[in-house]
Structures are given as C-alpha cells and as structure tokens.
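Report on the structure given below.
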Amino acid sequence: MRGVGKTLDELAKEIPHLLVVAALLIILLFVVTKFKWVHCSQVPQWCNVYCELNGKSQVAVISGNPGDPGIGDAAGFRLQALNDRQFTYIAPFQASQITAGLLEDYELVVLTHWKQVTLKQAIALRDYLNKGGSILWEGDAASEYVTTPEDESYALAENVSKPGFYEEYKKLLNKTQGFGLLGDVLGVKYVKTHSRTGGLKYQSVKDNHLMVSGVHNFQLQPIVFTEVTENPAALTKIAELNETSTGKLYPALLERKYVGRIVYTAVPLEFIGSKTLTTNVLDYLVSC
Amino acid sequence: MKRGQYSGAAPGGKFGESAIPLILIAILAIFLAGRFGIVDFSGVPVLNSIFPSPKITVGVVGRSSYDMRALLESEDYRVTGVYFAGDIDQKVIYPGVLNNFDVIILQGESTCDRTARKVIADRVKAGGKLIVVGDACTRVSDDRAAYGWDIGIGSLGDVVPVVGGGVTKELEMLQTNAVRGKFKVVAVNHPVFNGVKNFGFDSEITAITVPKPNAEILAYIDASSIGKVTAPSLFAIVESKGLFSGKTIYFAFDPATVAAQGTGRNMFLNTLLYLRGAKG
C-alpha cells in the first residue's frame, strides 16, 4: 500500500509536466495550422478548437471596376463563396483601395477581374505574401503594369530627395511584362488570355490533392482562360486544361507553398461551374 | 504517542484507511464504465439490474429498404436492445442532429449534400458508428462532375474505408448488379462473424473499386464457380481501421435483403453489437 501511495505521489508530480507538454502540443498544432502546413480537418476535432482560438476567417475579394479589362466576376465569386461558407466574412474591395495594412486583416485575398495593376499595389501584394498571407489568383489578374497620375506624382516627389528615382521607376515599369515582380512570387509567367474557347476538358494531374477531392474530369462549356507557363521547380500542378481537338495542354490549377499558400487558377472558378471545386479550393485556403 | 498516530501493533488499521480511497476510485471507475457502456455488465448477476443491456439507437440517412426496416424492427433485434429511430432525410441533417444515434446507416439515397456529409463525418470522428450500404451518399445535387465519398475536404471520404468510381479521375459510376456466388469470410475471428459460416449469395452487390489503405476486408463474394481461388470476386464487407474513435463498416450489398433470404441475419445483428463497443 505504501508503494501504491508513493507511485500516486510520483504521478501527481508529473501532472504539471504533462500539462506543459499538452500546452506545447496545442501551440505547435496552432502554428502549423495557421501557416497552413496542415489543414485543421486532418487532425480529428482540431477544426473546432482551432476556430474557437483563431476566430472566423476573413476573405477579401479584390477586383477592378466593372468596365476595366480582366477576366473573372467578383460579384459572382462572392455569391458562390457566401453560399458555401455562410459563416465566413467575405469583403469586396476595389483594387484602388488596397494597401498593405488593409490586406493583413484577411486570411485569404482573392484577385479577380483585375488585369491592370500599379507598382505600389503589386508591392503591397508581395509584402502581404511575404508576411504569410494566402492568395487565390484568377486568370489574368495583375498581369499588366500601369501607372496612375498619383504614382507619377509620388515618383516625382521621391525624385527630389532621391535623384534618379523617377527614371528608375519608369525603367522598371517599361521592362515589366506579365505578372512582373509578382510572377517571381507566384512562379508563373503570363503568356496570353484566350477568348471564349470550346472543346476544353478540365482534368486533374495530382489526383489525391485535397482541392480536387471528389472532382472527376469534366468537359467545360466554351470559356475564356489565361495561358501561363509555370516554373515546375516551384509549383505543384493540380489540374490542366486539355484542348481535345489539338491535344494541347494548359496549366489550369497551380499551387505554390510560399510563406502562406498561393493558388493560381487559369479559369476563374466562378466560370467553371463545379461547385465542388470552388468549395474545395476555399476550404483548402480558409480554415474557419 | 500523539493522538491520531497509529501504533505498530495495528498495521491492519493503517492498511484499511489507505485502501478506502482506492476502493472508492475502483467503484467509481466500474460505475462509469458501466454507465457509458465501456464494459457490458448486463450479463453479470446483481450488476445487470443497475446496468441493463444498453440500447442501440439506429437511424437510416436516406431510405431504408423494406427488408432493412423489417429487420431492425424485428423482435430479436429489439430484445437485444436495437431501437430503430426511422429514416432521416439528408436535407435535414445539421450539426447536432445525429448526436442521439449510436449507429447511423447510409442507405437508399445516392445524393448527400455537403452539409450532411460533413456532419456525418464529424459524428464518426467524434466516436459515432457508421454503416454504408451500396452506393449511398456518392453524389451531390449541384455538381455532376463530383462523384464518390471523397467529395469535399475533411468530409465523408475521411471515414469511409472504400473508394468508389474508379482509381483515376475519369468518371466511372459505381455499378450495382445481381450476382450469384458464395459469401466468403476473410476475417474469420472477427466478432461480426461469430457463428457465421460461408453461405450462398444471390443478391445485388455494388462493385466498389478498392478499399483504402486504412481498411480491412472482412468478407468478399466469390462471383463465379464456387471454391475457385482464382475466380472473379467482389469486396463484400470492409471495415475502417484508424486512430479515430469512431468506426465505419461498408456493405457492398444490402445485409437485410440477404437476411430476408435466410442467411446473414446474425451477421448484421453481430455488426450492430460489435459497433456498440467498437473502437478505432
């Protein structure tokens, strides 16, 4: 009996250590979920705990004005996303409104129907990604660099204190093509935007990826899409478009694990018509 | 000697005093084990009056077959503690709806939308027990390109131990056909097959593609000449294995129809009893 009592005493002494181990385990799980190394659904019951600790996710949908160039439909995307995730806050923004401070409040930023980007906006997006943000990139978003009168004034003002700044700025703009500095982060180069094309088949390449879970290969309606070339060393190709008449293959769904996650879709998800694919992509990028 | 100290002449008194908390803890542990069905005391004299045979509440998501309904409502099932709560439309499944069911059966409805899939999967991950029959819950109503149990992230695919619709991403629908052959038990020592021998099989069966790596094949149907090991065969019963506290058993055929033919009645009752106490 004395031996049993001693064992119980020793066990009681271990309780604080066990509590510390449990706390460290929860912190570790929280960090790996936060940086999207694991999805909360991969650990049983963890989603509920994580979402209680982290709060509901917020998503920003950034687009240009309705008449601006670019493929995608911000309102359509937002509607689809709201149907699937009624408890996720999904905020629409005009591209002209974005700043680094605005983006950092959001777990996911969706870029759609927004072809023309300024250098300052591109830098804000790059900084957001460097800090661990996640982006869903649709079609030709941010694939053409432009300058605005405000940017010109800013560059000229900077030029006063930093001589040569304006010339450097113009030089950088002139030599930037496609996704420009964001292309290095994204790992793809913009080729062109195809007008409405028929005979395309959406087929998965990485069959066991969570984003295509339960989605089988299917024929697309005639659709606009963006042709890009990817850097295979930096990216995972999840799905591709097969032009059945020519047998030509185009990247359709690409993923890059940067600090956070970057998912690029050549066809805006709201145009594809597979609700399962849209839901999977959102669930993959947004935990709560 | 101070007051309250024991004398060396009465060691039994000290032992008795030290043992009291341990005895109380043991009684409490037994009570909790019986109360939560961890240990079945229904066969132990005296204790069976405190802990009667636990009830197994069964609900069918979809539409139960005529034979399934008859089987679950039959006298011998009721005496064993099986209580059939009825059919539940997948449209009314929201978080919490399935909490009162010990065993959930998916049958007779191939469409299950995402909310239902997620809720069923969460219930199993939290310790619930699931039986999937045939091609139940393999579709969603709003997407023709989506097929199988794997639709969605963290959903039904996490808990169903088989893959349906081909190993590639080309859409291959599950085929359900009438098959005549022999039901053969693989896991002969499994509690589901207590007292069950191989029997002749003549019913419809769904040809699933392949069990998942974390699955165990319990039985198959030898679909051609009886007794030939190289003959074509179909997976019949597959069980999930894993760290989850819940459990899923997949039936490629309707066990109630087979029971109505005079075979397999005990096998399905064993399955329900096994699931009542099953752990990952």
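For every residue, the table says whether it meets (1) crowded, with 21+ Cβ neighbours inside 10 Å; (2) modelled with pLDDT under 90; (3) not β-branched (Val, Ile, Thr).
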| position | (1), (2), (3) |
| --- | --- |
| A:181 | no, yes, yes |
| A:194 | no, no, yes |
| A:204 | yes, no, yes |
| A:209 | no, no, yes |
| A:229 | no, no, no |
| A:232 | no, yes, yes |
| A:235 | no, no, yes |
| A:266 | yes, no, yes |
| A:282 | yes, no, yes |
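Evaluate the following for residue A:52: is it in contact with a Leu (Cβ under 9 Å, 6 or more places away or on another chain), more than 29 Å from residue A:195 (Cβ to Cβ) and not basic (Lys, Arg)? It is false that residue A:52 is in contact with a Leu (Cβ under 9 Å, 6 or more places away or on another chain), more than 29 Å from residue A:195 (Cβ to Cβ) and not basic (Lys, Arg). The residues listed here are B:145, B:126; of these, the one that is closer than 30 Å to residue B:179 by Cα, hydrophobic (A, V, I, L, M, F, W, C) and facing another protein chain (nearest Cβ under 10 Å) is B:145.
State which residue is nearest to the other protein chains (Cβ to nearest Cβ) when the search covers only region A:34-73 and only residues that are among the β-branched types (Val, Ile, Thr), in contact with a helix residue (DSSP H, G or I) (Cβ under 6 Å, 6 or more places away or on another chain) and closer than 30 Å to residue A:225 by Cα. Here the answer is A:61. Restricting region B:129-142 to residues that are touching a residue at least 40 places away in the same chain (Cβ under 8 Å) and among the β-branched types (Val, Ile, Thr), the residue that is nearest to the other protein chains (Cβ to nearest Cβ) is B:132.
Which of the residues spanning region A:111-134 are surrounded by fewer than 21 Cβ atoms within 10 Å (Cβ to Cβ), assigned to a loop (DSSP other than H, G, I, E, B) and among the small types (Gly, Ala, Ser)?
Within region A:111-134, the subset surrounded by fewer than 21 Cβ atoms within 10 Å (Cβ to Cβ) is A:116, A:118-120, A:122-124, A:126-127, A:130-132.
Checking which are assigned to a loop (DSSP other than H, G, I, E, B) leaves us with A:131-132.
Of everything in region A:111-134, just one residue is surrounded by fewer than 21 Cβ atoms within 10 Å (Cβ to Cβ), assigned to a loop (DSSP other than H, G, I, E, B) and among the small types (Gly, Ala, Ser), namely A:132.
For region A:209-257, the set of residues classified as under 22 Å from residue A:41 (Cβ atoms) and either free of Cβ contacts under 8 Å to residues at least 60 places away in the same chain or not hydrophobic (A, V, I, L, M, F, W, C) (or both) consists of A:209, A:213, A:214, A:216, A:236, A:238, A:239, A:253, A:255, A:256, A:257, listed by residue number. If you filter region B:164-208 down to residues that are in contact (Cβ under 8 Å) with a residue 24 or more places away in the chain and within 14 Å of chain A (Cβ to nearest Cβ), you find that the one that is farthest from residue B:235 (Cα to Cα) is B:171.
Within region B:60-86, the set of residues being in a loop (DSSP other than H, G, I, E, B) and touching a Gly at 6+ places or on another chain (Cβ under 7 Å) comprises B:63, B:64, B:65.
Only one of the numbered conditions (1) facing chain A (nearest Cβ under 10 Å); (2) touching a helix residue (DSSP H, G or I) at 6+ places or on another chain (Cβ under 6 Å); (3) outside any loop (DSSP other than H, G, I, E, B) is violated by residue B:150, and that is (3).
Meeting the requirement of 3 or more residues that are within 14 Å of another protein chain (Cβ to nearest Cβ) and not small (Gly, Ala, Ser), the strands (runs of 3 or more DSSP E) wholly within region A:182-280 are A:200-204, A:236-243.
Given the structure, is residue A:138 crowded, with 20+ Cβ neighbours inside 10 Å, of a type in the set (Asp, Glu) and outside the structural domain of residue A:37 (by TED's automatic domain parsing)? Spelling it out, residue A:138 is indeed crowded, with 20+ Cβ neighbours inside 10 Å, of a type in the set (Asp, Glu) and outside the structural domain of residue A:37 (by TED's automatic domain parsing). Kindly check whether there is at least one residue in region B:127-145 that is at pLDDT 90 or above, over 18 Å from residue B:57 (Cα atoms) and of a type in the set (Asp, Glu). Yes. Restricting attention to region B:158-194 and to residues that are touching a helix residue (DSSP H, G or I) at 6+ places or on another chain (Cβ under 6 Å) and in a loop (DSSP other than H, G, I, E, B), the residue that is farthest from residue B:140 (Cα to Cα) turns out to be B:194.
For the criterion of being touching a residue at least 12 places away in the same chain (Cβ under 8 Å) and over 17 Å from the mean Cα position of the chain (by Cα), residue A:206 passes.
The values are calculated or read from the model by the stated rules, or taken from the named source; none is laboratory data. Everything numeric in this text was worked out from a predicted model, so none of it was measured. Note that we place each Cβ from the backbone using ideal geometry, even for glycine, and neighbour counts take in every protein chain shown.
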